[in-house]
Amino acid sequence: MSRFQRYTILQRTSLLSHILGNICDVLLRCFSSLVPAQPVPPLAQTLQGYLRALEPLIPEEELVHTRKNIQKFCGEGGLGPQLQEGLERRARHSNNWISDWWVQWAYLESRQPLPVHSNPAISLPKRDFSDWRGQLVFASKLIAAALDFKNVVDNGRLPVEYMRGQPLCMELFPLLFSSCRIPGRKHDTITHHSRARHITVVRNYQFFQMDVYNSDGSRMTESQIHAQLLRIRAESWKTDKEPMGILTSEHRQTWGQAYSRLLKDKLNKESVRAIEKGLFTLCLDSPVMRVSDDKYSSRMAAQILHGGGTHSNSGNRWFDKTLQFVVGEDGSWGLLYEQATAEGPPIATLLDHILQYCKKPDPKKTPLIPLQMPKKLYFNIDREIKRDIEHAKQNLDILINDLDIRCFNFQRFGKELPKQHNLSPNAFIQVALQLAYYKVHNEVCASCDIASQRMFRGGRTDYIRSPTNQMLKFVLTFDDPSISREAKLELLREAIETYVTLTDQALKGQSIDRHLLGLKLQAIEEGLSVPRLFMDTAYGLATHWKLRTGQVPANTDSVMCFGPLVPDGYAVCYNPQSDHVHFSVTAFNCCEETQAETLAATLHSTLCQLQELLQPTV
């Protein structure tokens with residue numbers, strides 16, 4: 001083939017890529033047009049719902065004070081109607097009235113470190129290999145599967161997803177690839193590169209830029225990818241390099257300052273940009289200390305979440321990257337993602353595609369094309385950067401040592417048991433969580449379950465508040481021997497039905513928390529003082545989420561985990577299968593009142609007690 005012919009092919013490939021990109025944009029706009037705009041809930045409805053949510057949490061005298069604040073807020077001369085009108089005006093002139101604010105407020109303006117506090121991790125079932133050879137073979141398959149999914153998205157072949165018969169917004173899918181969070185001193189930003197042709201591979205703290213497309217635009221085969229990974233392994237056998245990725249684990253303001261210093265050097269800037277522009281990052285982790293079988297799932301979740309510490313694999317991460325696949329030498333693997341541009345349901349769709357792809361043989365023949373050596377990314381490390389790395393290592397190890405993780409597989413029953421009794425499985429588990437928390441702490445607390453808002457254009461998430469009057473009543477009577485089983489069953493049904501009603505409201509865009517946040521941010525936007533309603537003690541208590549929960553339904557036995565939202569809280573994720581449920585529970589060791597293992601054990605026994613309530617043994 002002549003040079004002119006190769007040049008012509010490359011031109012056509014570039015043009016085709018450009019055309020497909022435009023088609024993808026058009027298709028996504030079409031997908032978005034299938035879903036309605038997110039509504040602004042009525043002001044009175046939200047304030048009434050807020051009061052109901054407070055009733056199980058605070059004493060009556062505090063409720064009286066909050067009612068007065070609400071009356072002033074929404075009454076004559078109050079700011080409520082003015083702010084509501086501002087939100088409705090914003091809704092008419094934007095893609096989504098709350099999503100941009102939410103991403104900015106919840107993620108980009110948050111100054112907490114991304115590991116543990118923000119980035120969720122998903123640990124997947126162990127693969128059938130136990131050495132570096134199997135690690136690289138599977139990693140090759142994983143990369144090919146992710147590229148195949150990207151091809152489906154780019155070519156507009158990703159089917160529109162539905163929930164309860166309604167189409168869902170698909171806007172997040174193209175942003176999964178080639179996206180990265182950029183640190184700033186006051187707030188972060190997001191960058192997205194639509195024409196990247198490489199991924200980043202990191203092993204032994206060393207980063208490599210690896211092209212995954214051939215010169216004719218075709219995706220590399222698994223054999224080609226495997227050959228490149230073998231080259232990377234040969235070039236990264238030493239472990240004496242500075243763990244540059246550790247810098248991304250820092251407090252965001254600290255990392256923002258270090259980032260500015262780092263990028264003053266041209267070589268550093270080129271290396272960082274290569275990582276940021278990559279489609280995703282593959283983390284090839286070194287072996288870790290073996291643990292007993294009952295602790296394996298907890299250890300593996302921790303490895304995916306934060307890398308296990310600076311003496312383990314934490315330097316094999318770039319926490320700002322939207323997608324990071326982690327593959328260990330012992331058959332362990334998983335995914336870590338950054339939430340500003342990714343969420344659980346799209347990630348679950350991606351993982352389902354990968355798992356299905358991994359069941360098939362490599363469908364493509366390997367072309368006889370010489371491959372360029374993956375490019376090793378180098379950094380110039382001066383005294384200041386060395387100091388930044390040492391500080392980041394100390395802070396990350398402190399954070400990791402503070403995190404308590406307990407994962408377990410509850411095998412007595414799964415989601416089929418509640419279904420047999422015409423009960424919502426998710427609401428049933430939420431009741432179990434509240435009951436378990438009460439058994440440990442002798443109180444109920446502000447708790448949130450995550451509800452998707454993808455049935456609306458540009459929608460992200462809202463919260464479902466699980467402590468209700470009905471749930472509190474059931475919790476208080478559960479261990480009372482004077483209450484009959486039939487009465488307890490009726491209270492259980494009432495608690496579950498109330499939670500189902502709240503879930504339905506959330507899925508219709510009628511939940512209260514994003515609306516309350518919007519009202520507060522609208523006041524700031526208009527240069528007004530923050531209303532007293534949001535300065536109230538009750539509001540602080542109602543948004544001090546001691547129990548952060550999330551259902552992560554998946555077609556496989558995966559476990560998601562993330563850290564608590566507050567120092568004295570828990571985070572609980574669960575993946576209900578037909579005959580078992582996977583749980584992860586996290587807490588911080590710095591709080592003497594919270595222990596992940598205690599809550600996990602109590603949750604296990606509580607679920608057994610609820611089964612006995614539904615199906616008493618003779």
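The values are calculated or read from the model by the stated rules, or taken from the named source; none is laboratory data. As the structure is a prediction and not an experimental result, all values here were calculated from the model. Cβ placement follows ideal geometry from the backbone for every residue including glycine, while neighbour counts extend to all protein chains displayed. The accessibility values were calculated without ligands, DNA or RNA, using every heavy atom of the protein model including side chains. Shrake-Rupley method; radii C 1.70, N 1.55, O 1.52, S 1.80 Å.
Here are a few things to note about the model shown:
- Residues in the range 516-549 that are modelled with pLDDT of 95 or more, part of a loop (DSSP other than H, G, I, E, B) and among the charged types (D, E, K, R): GLU526, LYS546.
- Any hit, the range 155-164, residues being more than 23 Å from the chain's Cα centre (by Cα), within 26 Å of GLN209 (Cα to Cα), of a type in the set (Lys, Arg) and open to solvent by 30 Å² or more (accessible area, probe 1.4 Å): no
- Top-ranked residue in the range 253-296 [being closer than 24 Å to LEU399 by Cα, part of a loop (DSSP other than H, G, I, E, B) and in contact with a strand residue (DSSP E or B) (Cβ under 9 Å, 6 or more places away or on another chain); ranked as modelled with the highest pLDDT]: ASP285
- Candidates in the range 334-370 are the residues that are open to solvent by 30 Å² or more (accessible area, probe 1.4 Å) and of a type in the set (D, E, K, R); of these, the one that is nearest to the chain's Cα centre (by Cα) is ASP352.
- Residue pairs whose Cβ atoms lie under 6 Å apart, separated by 6 or more positions or on different chains, with the first residue in the range 550-566 and part of a strand (DSSP E or B) and the second open to solvent by less than 60 Å² (accessible area, probe 1.4 Å) and aliphatic (A, V, I, L, M), are VAL559/ALA301; MET560/ILE122; MET560/VAL552; CYS561/ALA121; CYS561/ALA301; CYS561/LEU305.
- Applying the condition of being over 22 Å from SER466 (Cβ atoms) and open to solvent by 80 Å² or more (accessible area, probe 1.4 Å) to the range 479-499 and asking which residue is farthest from the chain's Cα centre (by Cα) yields SER482.
- Failed criterion for ASN589 (all others in (1) open to solvent by 50 Å² or more (accessible area, probe 1.4 Å); (2) touching an Asp or Glu at 6+ places or on another chain (Cβ under 8 Å); (3) on the phi > 0 side of the Ramachandran plot hold): (3)
- The selection criterion, being touching a Ser or Thr at 6+ places or on another chain (Cβ under 7 Å) and among the basic types (Lys, Arg), does not hold for ARG181.
- Matching residues, the range 469-515, being touching a strand residue (DSSP E or B) at 6+ places or on another chain (Cβ under 8 Å) and assigned to a loop (DSSP other than H, G, I, E, B): GLY509, SER511, ILE512
- Listed by first and then second residue, the pairs with beta-carbon distance under 8 Å, at least 6 apart or on different chains, first residue in the range 162-173 and without any contact (Cβ under 8 Å) to a residue 40 or more places away in the chain, second small (Gly, Ala, Ser) and open to solvent by less than 10 Å² (accessible area, probe 1.4 Å), form an empty list.
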